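The values are calculated or read from the model by the stated rules, or taken from the named source; none is laboratory data. Since the model is a prediction, treat every value here as computed from it, not as a measurement. Here the Cβ is made from the backbone with ideal geometry for all residues, glycine too, and neighbour counts use every protein chain on show.
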Amino acid sequence: MKNRLFTLAFAAVAMSLATLLPTVATGQVTQQTPGAPRASQQHVIGELTAMDQAAGQITVKTDTGSSVNVTVNERTLYRRLPPGQTSLSNAESITSADVKVGDRVLVPGGPALIDGSAGPARQVIVMAREAVAARREQQRDDWRTRGTNGRVTAIDAAKKELTIEARTREGAQTLTVAANGNARIRRYAPGSLRPDDAVAGAFTDIRVGDQVRVLGNRVDLRVTAEEIISGTIARLLGTVERVDETRGELVVKDSQSGKSMVIALLPATSIRRVPADFAETMGRGEQRRGGGENLTPAQREAQREERAARRRERESQGATGTQGQSPRGPQRPGGRSPQQMFEAFPVITVAELKKGDAVMVMGTGTNDAARVMAATLITGDAELLQRLQRRGAGRPENMSPGLPSGVMGGGTGENPERPTPPQ
């Protein structure tokens, strides 16, 4: 749901249109009756996937995943709204020639518009694809520079303040987070660790032990929050005891606590298998980083000399290196980032899991302490999964920005220099 933030902006526009529909989209929406769904909830919101002006039709892939055709004609009005704006007073009039495939669109009208009984759309509101992309990049930069990740250790409900243990470049720090202003507060959605999927919440929803992401200005050890995303993050490494394919559930024995946990697999749960040859690739990476514990003194000396040679080469070539590489060189063999490597793991189904399989699970907790809504489940060699967990558990600095949360066991505490922002 990478477009959730822009859906919310469009939704605000749509709600404002509810009072305008009799004049903006005459005949497309019937009069509201008590208890009936709001007209603003019935508009078409999504990505433009096709435009056929000759046939008088546009195709929109909605945010629910369906594809709908909407009739347009020469009288259809097109208006462009900057991303983040929620009032049509900031929209500019454009023509159909200014609209492109990939743009975000809002078409007022609801079901009567989709089935054609209302005739051509009277209005199409557009957010340009390039502007949306620029807005997302701006948000990413904002979270990179002003984002803080941590774990809630205390809550002062009267002052609306949190005490969190945060990991920073200086190490673990105890920070105070003030949420007594107009801070936007959200909770991780069940079975999802994506900030984009987070749902509206309240300060009273936050619990001691929750993982939090905070966006706001920091002065010394105090952060004035503009946005807080919180949730109970569950992670475990264990062995499958039972597979219930019909219910989409596993029972996994946690190797650390020895308790049996019910793992609920949702439609969006990412289930992957670590390839057998990944251990060799991982081992080579550890040796390059100096993490090989079994290196001989000669191998360590050769490693140091190789690093020094690469550093001298970078310095002689300038800050950008050759062929546009970053000064640090490629992230992994073949230029693949950690996220790309994990995404390359084969996707499997629950039917391919069996009793005795080693699994690493990351997801959200529930009111039932013995139940986890899985966001990510990885299966493979037990020793390899343990190595992956050791590399990340308790050491968020080893997490790659953008890597699906918890793949390495680090939860929401990604690299403190580059927290993963909402998309």
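Quick notes on this structure:
- Filter result for the condition that a residue is outside the structural domain of ILE263 (by TED's automatic domain parsing) and under 13 Å from VAL214 (Cβ atoms), over ALA189, ALA158, ALA178: ALA178
- Taken as a whole, the condition of being of a type in the set (Ser, Thr, Tyr), at pLDDT below 60 and either farther than 18 Å from LYS355 by Cβ or not in a loop (DSSP other than H, G, I, E, B) (or both) applies to SER326.
- Total residues in region 178-193 satisfying the condition of being in contact with a Phe, Trp or Tyr (Cβ under 8 Å, 6 or more places away or on another chain) and either assigned to a strand (DSSP E or B) or within 23 Å of ASN367 (Cα to Cα) (or both): the figure is 1.
- Screening ARG169 with (1) in contact (Cβ under 8 Å) with a residue 60 or more places away in the chain; (2) among the charged types (D, E, K, R); (3) outside the structural domain of ILE58 (by TED's automatic domain parsing); (4) under 27 Å from PRO83 (Cα atoms) gives one miss only, at (4).
- Where strands (runs of 3 or more DSSP E) sit wholly within region 194-277, those with at least 3 residues that are among the β-branched types (Val, Ile, Thr) occupy 211-219, 222-231, 233-244, 260-273.
- Here TYR78 clears all of (1) part of a strand (DSSP E or B); (2) hydroxyl-bearing (Ser, Thr, Tyr); (3) surrounded by fewer than 16 Cβ atoms within 10 Å (Cβ to Cβ) except the condition numbered (3).
- Residue list for region 365-375, restricted to those being modelled with pLDDT under 90 and among the hydrophobic types (A, V, I, L, M, F, W, C): ALA369
- Checked against (1) surrounded by 14 or more Cβ atoms within 10 Å (Cβ to Cβ); (2) without any contact (Cβ under 8 Å) to a residue 24 or more places away in the chain; (3) under 30 Å from VAL262 (Cα atoms); (4) of a type outside the set (Lys, Arg), ILE206 passes all but condition (2).
- Set side by side, the residues ALA154, ALA172 differ, and just one is more than 17 Å from the chain's Cα centre (by Cα), surrounded by fewer than 18 Cβ atoms within 10 Å (Cβ to Cβ) and within 20 Å of ARG187 (Cα to Cα), which is ALA154.
- Selected residue (criterion: modelled with the highest pLDDT) from residues of region 329-356 that are in a loop (DSSP other than H, G, I, E, B) and buried (at least 18 other Cβ atoms within 10 Å of the Cβ): LEU353
- Given (1) closer than 30 Å to ILE378 by Cα; (2) in contact with a strand residue (DSSP E or B) (Cβ under 6 Å, 6 or more places away or on another chain); (3) hydroxyl-bearing (Ser, Thr, Tyr), number of the condition THR224 does not satisfy: (1)
- Answer from THR153, THR86 - the residue that is under 30 Å from VAL177 (Cβ atoms) and assigned by TED's automatic domain parsing to the domain that holds ARG167: THR153
- When every residue of region 376-392 is checked against the conditions, at least one turns out to be closer than 19 Å to ALA189 by Cα and either more than 15 Å from the chain's Cα centre (by Cα) or modelled with pLDDT of 50 or more (or both).
- Selection from region 233-259 of residues that are in contact with an Asp or Glu (Cβ under 6 Å, 6 or more places away or on another chain) and surrounded by fewer than 20 Cβ atoms within 10 Å (Cβ to Cβ): VAL240, VAL251, LYS253
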